[in-house]
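Enquirer: Following this message is one structure expressed as structure tokens.
The values are calculated or read from the model by the stated rules, or taken from the named source; none is laboratory data. Bear in mind the structure is a predicted one, so any value in this text is a computation, not a measurement. With ideal geometry, Cβ positions are generated from the backbone for all residues, glycine too; neighbour counts draw on all protein chains shown. Remember, those area values only see protein heavy atoms, side chains included, never the ligands or the DNA or RNA. Shrake-Rupley method; radii C 1.70, N 1.55, O 1.52, S 1.80 Å.
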Amino acid sequence: MTFAVRAGLKKFNIEHNFEVKNIYEYYAKWIREGKLKPNSDWNKELGIKFTCQDPCQIVRKSYGDEIAKDFRYAIKAVVGEENFVDMSPNFSNNYCCGGGGGFLQSGFKEERLEYGRIKDRQIKETKADYVIAGCHNCHAQIHELSKHYEGNYPVIHFWTILALSLGVLGPNERTYLGDDLMEVNVFHPETAM
Amino acid sequence: MSETAIKLRKREKTSLFDQVKELLPDGGNLNLCLTCGLCSSGCPATGLVSMDPRKMLRMIALGLDEEVLASDWPWMCTMCQRCIYACPMKIDIPQLIYNIRAQRPREERPKGILGSCDMALKNDTNSAMGTNEEDFIFVVEDVLEQYQEEQPEFAEMQAPIDKEGAEFFLNQNSREPVTEPDEMVPLWKILHLAGVDWTYGSKGWAGENYCMFLADDDAWKHVVQTQTDQTHKLKCKTYLNTE
Ligand code: SF4
Ligand code: SF4
């Protein structure tokens with residue numbers, strides 16, 4: 001996890017000769033450089049709306065607004081500019097979803113869901129159909145919020161929708177997609193299990 | 001607000017207050033707190049178990065260490081740092097929370113976090129789900145082979161483990177190899193299409209780090225050291241976090 005590595009190297013003075021980066025910066029870079037060529041045409045008629053969770057550990061606590069911009073640049077290239085809706089507040093001022101800091105593992109479920117009430121409201125206010133979560137803790141927590149507060153919005157990893165827009169997302173790689181996207185742009189449908 | 005009346009007593013020498021003053025020379029001076037409440041008003045944990053960040057700060061400033069240490073609230077603050085962002089004095093409340101967590105005897109800290117950290121210490125993979133090197137290599141190779149066969153466009157796709165000199169050392173949350181291995185594939189495909197030179201490490205591949213959340217310095221350091229050593233061993237230029 002980005003923050004644990006960066007903060008750990010610093011806090012414990014661990015000598016190292018490599019850079020610590022996060023993949024969201026690179027998704028954007030690879031798209032800008034033309035190494036990845038996502039196409040958002042699949043969503044032209046569907047018009048499915050997406051919002052995203054800026055993970056505290058990556059944005060506010062590590063690379064700041066720059067990486068949040070990269071994240072959005074990549075998302076828009078994949079779902080179409082007009083199909084992205086931001087939460088408010090966002091970027092470095094975003095609310096934590098409540099899955100971080102070990103809260104998901106600490107056993108205080110009722111309090112954790114209460115903590116996430118703000119996040120759920122923020123998401124519903126965007127009227128987005130999907131949430132793209134930037135990390136696993138966010139993914140698990142927001143997924144649970146979606147069920148608990150009955151918004152029932154699917155919560156996905158970015159790699160899923162990026163691969164879909166690249167035309168290479170197979171039928172068995174769609175665990176978190178909603179029914180509306182299960183049949184869209186399926187790569188090798190005959191391999192369905 | 002709290003149901004029990006707050007009783008004041010003299011602050012002790014080794015109080016949380018003094019500790020924090022020492023630990024945080026520039027960010028943690030509690031005397032700078034203006035009690036404006038901006039931290040609390042923007043904190044999603046405000047109100048849980050009748051606590052909020054400003055109240056916790058005041059209790060520490062008043063020397064109410066016992067009450068603070070007895071509260072479970074420090075495990076409900078996610079250390080998300082939004083309060084620092086909002087605070088006019090940039091007071092580092094999450095660092096304070098970390099120190100409060102660390103004051104609790106290790107075995108009394110929340111079992112789920114404790115268990116995940118201990119699991120990560122079992123293998124050099126650092127996997128909080130206890131996946132060892134062999135199991136990880138097996139899953140990756142097995143899934144890769146299946147996709148290479150079934151989707152001929154990706155016959156040349158790789159998911160290298162311990163490839164020396166690769167540009168990127170990539171980590172992976174344990175959840176995928178353990179519970180939903182097909183979820184690793186979209187990322188492999190993306191890296192393949194972008195022509196990225198990357199590798200996992202048989203050691204240190206797991207991206208999660210619950211030892212930090214447990215506020216266990218030695219264990220946190222151990223995990224980062226393992227990741228560092230493997231990245232050095234493989235001579236990778238960039239340690240790339242997938243989350
Ligand atoms: S925002 Fe800062 S100054 Fe204001 S009450 Fe909170 S800690 Fe004190
Ligand atoms: S770090 Fe803790 S106290 Fe500060 S805003 Fe986040 S949850 Fe609240």
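Enquirer: Say we look at the range B:213-243 and pick out the residues that are in a loop (DSSP other than H, G, I, E, B) and open to solvent by 10 Å² or more (accessible area, probe 1.4 Å); which of these is modelled with the lowest pLDDT?
Expert: In this case the residue turns out to be B:243.
Enquirer: Can you name the residue in the range A:107-123 that is open to solvent by 10 Å² or more (accessible area, probe 1.4 Å) and at the interface with chain B (Cβ under 7 Å from one of its Cβ atoms) and, of all such residues, is farthest from residue B:109 (Cα to Cα)?
Expert: Among those that are open to solvent by 10 Å² or more (accessible area, probe 1.4 Å) and at the interface with chain B (Cβ under 7 Å from one of its Cβ atoms), it is A:118.
Enquirer: Within the range A:13-26, identify whether any single residue is out of contact with any helix residue (DSSP H, G or I) (no Cβ under 8 Å at 6 or more places or on another chain) and of a type in the set (S, T, N, Q), and answer yes or no.
Expert: yes
Enquirer: Here's a follow-up. Determine whether the range B:72-95 contains at least one residue that is among the basic types (Lys, Arg) and surrounded by fewer than 18 Cβ atoms within 10 Å (Cβ to Cβ).
Expert: Yes - at least one qualifying residue is present in the range B:72-95.
Enquirer: Given the criterion within 14 Å of ligand 1 (Cβ to nearest atom), under 22 Å from the mean Cα position of the chain (by Cα) and assigned to a helix (DSSP H, G or I), identify the matching residue among B:69, B:96.
Expert: B:96 is the lone residue from the list that is within 14 Å of ligand 1 (Cβ to nearest atom), under 22 Å from the mean Cα position of the chain (by Cα) and assigned to a helix (DSSP H, G or I).
Enquirer: Here's something else I'd like to know. Scan the range B:55-64 and give yes if some residue there is part of a loop (DSSP other than H, G, I, E, B) and open to solvent by 60 Å² or more (accessible area, probe 1.4 Å), otherwise no.
Expert: Yes: one or more hits.
Enquirer: Exactly one of (1) modelled with pLDDT of 95 or more; (2) crowded, with 24+ Cβ neighbours inside 10 Å is unmet by residue A:58. Its number?
Expert: Residue A:58 satisfies every listed condition except (1).
Enquirer: Tell me the residue from A:142, A:132, A:156 that is among the aliphatic types (A, V, I, L, M), part of a helix (DSSP H, G or I), more than 8 Å from every other protein chain (Cβ to nearest Cβ) and under 25 Å from residue A:26 (Cα atoms), please.
Expert: Testing whether each residue is among the aliphatic types (A, V, I, L, M), part of a helix (DSSP H, G or I), more than 8 Å from every other protein chain (Cβ to nearest Cβ) and under 25 Å from residue A:26 (Cα atoms) leaves just A:142.
Enquirer: Which one is farthest from ligand 2 (Cβ to nearest atom), of the residues in the range B:72-92 that are facing another protein chain (nearest Cβ under 9 Å) and outside any helix (DSSP H, G or I)?
Expert: B:72
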